[in-house]
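Derivation of every value follows stated rules applied to the coordinates shown; laboratory data play no part. These numbers come from a predicted model, not from an experiment. Here Cβ is always computed from backbone atoms with ideal geometry, including for glycine, and neighbour counts include all displayed protein chains.
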Amino acid sequence: MDCEVLIVGAGIHGAAVAQAAAAAGYRTLLLEQYAQPAQGTSSKSSKLIHGGLRYLESGQFRLVRECLVERARLLHNAPHLVELKPFCIPVYADTQRRAWQIRAGLGLYALLGGKRFATLPRAQWARLDGLRTAGLQTVFRYYDAQTDDAALTRAVCASAVSLGAEIRYRHSFAQARCDKHGCRVRYQSQDNSGELDTAVLVNAAGAWVNELLQHVEPAPTRLDIDMVQGTHIVIPGRLQQGIYYMEAPGDRRAIFAMPWQGNTMIGTTESPFRGDPAAVGPLQAEIDYLLAVRNHYFEPRADTSEVIEAFAGLRILPHSEGSAFHRSRDTQLHVDRARCPRVLSIYGGKLTSHRMTAERVIARIRPLLPRRTARADTRTLRLPV
């Protein structure tokens, strides 16, 4: 066979699976349709490495604990890419989540592996980057982390290559035919097309996950999903006191305002998306919504003429008629057959827990692969500068 593990998609999860497979000693190949990694959602996230404080509201305790453990690992293994930041949660008279609820949530967050939190003295409120103080009752400060998501993905790719993985950019998946022995994968590059034999095919195509499965024979089952668009905007002005966790006054969603490359980034939205994932883009209504949330909390006001940049990425969530805000963020690993699966698809996933997701992928496919000597342990593997 040409390789033992073939991965499609060089977003953060495809990169992480390539790293984990190479670290486990397998002959690994990663195909990416673009000229560089992280060209989809992996460069259009909120740039946060966090446990997900708001996930406690929906009882996703295991997910929060896992992400906090992975946050600690990234702070240790990639200190040049992941930085601990103070987060401020302002509580007003009209805030839906009351101070005692937030205090209880932060206490549980700390218990699950977060850092200690504090209540900011009233004397310090005037320093909070123009935060509105009328009606302000309490400000909580806790700590999570921030990263450059695209740079992190590139570093994981570089780590995979250093462990022996091969990455072919500008190579698009075209088709796969699988049986109990493996898959024959046809690809298309700028110059030619070709075929590769692999023991296992890992579908890390992100928003294209189900589209890829349409080109696999025999046709595997697909999960019923929704694509949800998340938009961020960037406006002038650097926040000096950290990242602000705000409650949108209308729908009560969590919105972040954070320093980003000398400016302020605000996001994210959750808008249903249908169509070609390559065509995703910010909507004017989303830009207006984010500006309205920002202006509700901060002075001086900003308007659309001040928006430097707006970008949108896609989340893959389990299909539901309910609000996207309250749906599970758990990653789902789906195989083409219960016995001797040869195609494993990754649905959803969080930037923070990419390494853990990759280890679960390897654990699922390991029985199908020959025994190999591990080259490294990704739990302690330092990412290259």
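Couple of notes before you dig in:
- Relative contact order, percent, region 260-377 [alpha-carbon distance under 8 Å, six or more residues apart]: 16 percent
- Ordering 39, 102, 123 by the projection of their Cα atoms onto the charge dipole of region 32-163, which places +1 on the Cβ of Lys and Arg and -1 on the Cβ of Asp and Glu, puts 123 at the extreme positive end.
- Working note: 222 nm ellipticity from helices only, DSSP H runs with n ≥ 4, each -39,500 (n - 2.57), summed and divided by the residues of the chain, gives -7000 deg cm²/dmol to the nearest 500.
- Ranking 358, 188, 319 by how far each Cα lies toward the positive end of the dipole of the chain (charges on Cβ) leaves 358 at the top.
- Cα gyration tensor of region 68-212 - equivalent ellipsoid semi-axes, whole Å, descending: 48, 17, 16
- Highest-first arrangement of 359-367, 1-9, 156-164, where packing means the average Cβ count within 10 Å: 1-9, 156-164, 359-367
- Within the chain, helices built from complete DSSP H runs that reach 15 Å or longer along their own axis (Cα positions) and carry a mean Kyte-Doolittle hydropathy of 0.5 or higher are 12-23, 99-112, 149-162.
- Sites residue 170 and residue 374 - FRET efficiency at Förster radius 25 Å, r taken between beta-carbons, to 0.05: 0.20
- Shown for the chain: cysteine residues without a partner Cβ closer than 4.7 Å, namely 3, 67, 88, 157, 340.
- Peptides 258-270, 332-344 ordered by packing proxy, namely the average of other Cβ atoms within 10 Å per residue, highest first: 258-270, 332-344.
- Cβ-derived FRET efficiency at R0 30 Å, residue 119 paired with residue 254, nearest 0.05: 0.95
- Under 26 Å from residue 44, Cα to Cα: lysines that are on another chain or at least 8 residues apart: 85, 350
- Separation between Cα centres of region 268-325 and region 154-225, rounded to whole Å: 31 Å
- Positive-end residue of 236, 138, 285, charge dipole of the chain with Cβ unit charges: 138
- A Cβ-based charge dipole, computed about the Cα centre of the chain with Lys and Arg at +1 and Asp and Glu at -1, lands at about 1440 debye.
- Translational diffusion coefficient (Stokes-Einstein; Kirkwood radius from C-alpha pairs) of region 1-53 at 25 °C, 0.890 mPa s, in µm²/s: 200 µm²/s
- log₁₀ of I(q)/I(0) at q = 0.11, 0.15 Å⁻¹ - region 1-118, Debye sum with one point per alpha carbon: -0.53, -0.85
- Spread of Cα-to-Cα distances over 10 Å intervals beginning at zero, given as percent, for region 172-290: 11, 29, 22, 18, 17, 3
- Under the criterion of Cα pairs below 8 Å and six or more residues apart, the relative contact order for region 1-107 equals 18 percent.
- A crude spin-label estimate for the pair residue 58 and residue 96, with each label 7 Å from Cα along the Cβ direction, gives 1.4 nm.
- Set the Cα radius of gyration of region 145-233 against 2.2 N^0.38 Å, with N its number of residues, and you get 1.31.
- Taken over region 196-256, the ratio of Cα radius of gyration to 2.2 N^0.38 Å equals 1.90.
- Net dipole in debye of region 241-320 [+1 Lys, Arg Cβ; -1 Asp, Glu Cβ; about Cα centre; nearest 20]: 220 debye
- Highest to lowest packing among 303-314, 174-185, scored as the average C-beta count within 10 Å: 174-185, 303-314
- Spin-label pair residue 189-residue 385: with each label point 7 Å from Cα along the Cα-Cβ axis, the two points sit 3.3 nm from one another.
- Efficiency of FRET between residue 137 and residue 238 - r from beta-carbon atoms, R0 25 angstrom, step 0.05: 0.40
- The dipole here belongs to region 273-385: it is taken about the Cα centre, uses +1 on the Cβ of Lys and Arg and -1 on the Cβ of Asp and Glu, and is about 1340 debye.
- Over every Cα atom in region 284-385, the radius of gyration and the widest Cα-Cα span, Dmax, amount to 20.9, 62 Å.
- Rg(Cα) / (2.2 N^0.38 Å) computed for the chain, rounded to two decimals: 1.02
- Stretch gain in nm, segment residue 278-residue 36, where the contour uses 0.36 nm per residue and the Cα spacing is subtracted: 85.6 nm
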